[in-house]
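The next block holds one structure in the form of structure tokens; read it before the comments.
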Amino acid sequence: MSKRNLADKWEQAITPQQFMDGMTKNKETFHDNYQLFNWTDLDDHEFFKLLNQRDDLRSLIVAADWCGDVVRNIPVVFRAFEEGGIPTKVLIMEEHLDVIDEYLTMGGRSIPVVIITDTGGHVLGQWGPRPEHVQELMVQFREENPDREAPDYKDKMAVVRQHMMERYGEGSASHAMVIRELHELLSGV
């Protein structure tokens with residue numbers, strides 16, 4: 001099923017700088033992750049530099065400053081798309097529920113969602129809410145714990161979140177995985 005055209009959302013979205021300036025939660029950690037980013041794979045770096053030759057791509061990112069996955073992953077996305085010359089804007093999730101509700105993850109509103117469109121707003125692909133090697137823990141958890149009302153659900157969720165943090169690793173450890181997955185996505189559009 002194809003996603004609806006998002007051309008109208010481009011004008012409603014804010015710039016990455018406006019998003020960073022307007023953060024009221026996790027601002028320092030987000031900024032640190034943005035500053036810590038560096039290219040660890042020369043092929044990935046070259047791929048993103050070559051994207052500057054294209055003028056047909058845009059990115060809309062559904063995000064919120066309270067989300068740990070946003071704080072870890074979106075600084076990497078911002079840096080990669082800056083390098084690639086991909087115009088990028090942010091939709092604050094709570095202000096654009098109509099969009100996030102088209103990009104549910106396992107039936108829930110998980111962010112960030114990085115949406116790649118052409119300049120006309122036609123959706124070409126998406127990434128998120130987290131790298132696959134981290135997301136697989138949440139997929140397994142949801143399969144094993146379908147009842148959100150179970151008395152031990154919150155305790156089990158806390159454990160899986162801890163394991164997810166371990167998979168993310170320290171500092172910029174997961175940045176290369178995010179870059180690799182974005183590279184794969186953009187190679188196909």
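The values are calculated or read from the model by the stated rules, or taken from the named source; none is laboratory data. Every value quoted in this text rests on a predicted model; they were computed, and no experiment measured them. Cβ: placed from backbone, ideal geometry, glycine included. Neighbour counts: every protein chain shown. Note: areas computed on protein heavy atoms with side chains; ligands, DNA, RNA excluded. Shrake-Rupley method; radii C 1.70, N 1.55, O 1.52, S 1.80 Å.
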In segment 118-129, which residues are open to solvent by 20 Å² or more (accessible area, probe 1.4 Å), assigned to a loop (DSSP other than H, G, I, E, B) and out of contact with any Pro (no Cβ under 6 Å at 6 or more places or on another chain)?
T119, G120, H122
Pick from segment 48-84 the residues that are open to solvent by less than 40 Å² (accessible area, probe 1.4 Å) and either touching a His at 6+ places or on another chain (Cβ under 7 Å) or among the charged types (D, E, K, R) (or both): which of them is farthest from M164 (Cα to Cα)?
V62
Within segment 42-60, considering residues that are assigned to a strand (DSSP E or B) and in contact (Cβ under 8 Å) with a residue 60 or more places away in the chain, the one farthest from H96 (Cα to Cα):
L57
Tell me, which residue of segment 1-34 that is closer than 20 Å to G85 by Cα and part of a loop (DSSP other than H, G, I, E, B) is most open to solvent (accessible area, probe 1.4 Å)?
T15
Conditions (1) closer than 30 Å to R58 by Cα; (2) surrounded by fewer than 18 Cβ atoms within 10 Å (Cβ to Cβ); (3) of a type in the set (G, A, S); number of the one not met by S174:
(2)
When you look at V134, is it part of a helix (DSSP H, G or I) and open to solvent by less than 10 Å² (accessible area, probe 1.4 Å), yes or no?
yes
Test each condition in (1) open to solvent by 40 Å² or more (accessible area, probe 1.4 Å); (2) in contact (Cβ under 8 Å) with a residue 60 or more places away in the chain; (3) assigned to a helix (DSSP H, G or I) for E166 and report the one that comes out false.
(2)
Out of the residues in segment 36-45 that are loosely packed, with under 11 Cβ neighbours inside 10 Å and not aliphatic (A, V, I, L, M), state the one that is farthest from the chain's Cα centre (by Cα).
D43
Have a look at V99, V189 and point out the one that is closer than 21 Å to V62 by Cα, over 12 Å from the mean Cα position of the chain (by Cα) and assigned to a helix (DSSP H, G or I).
V99
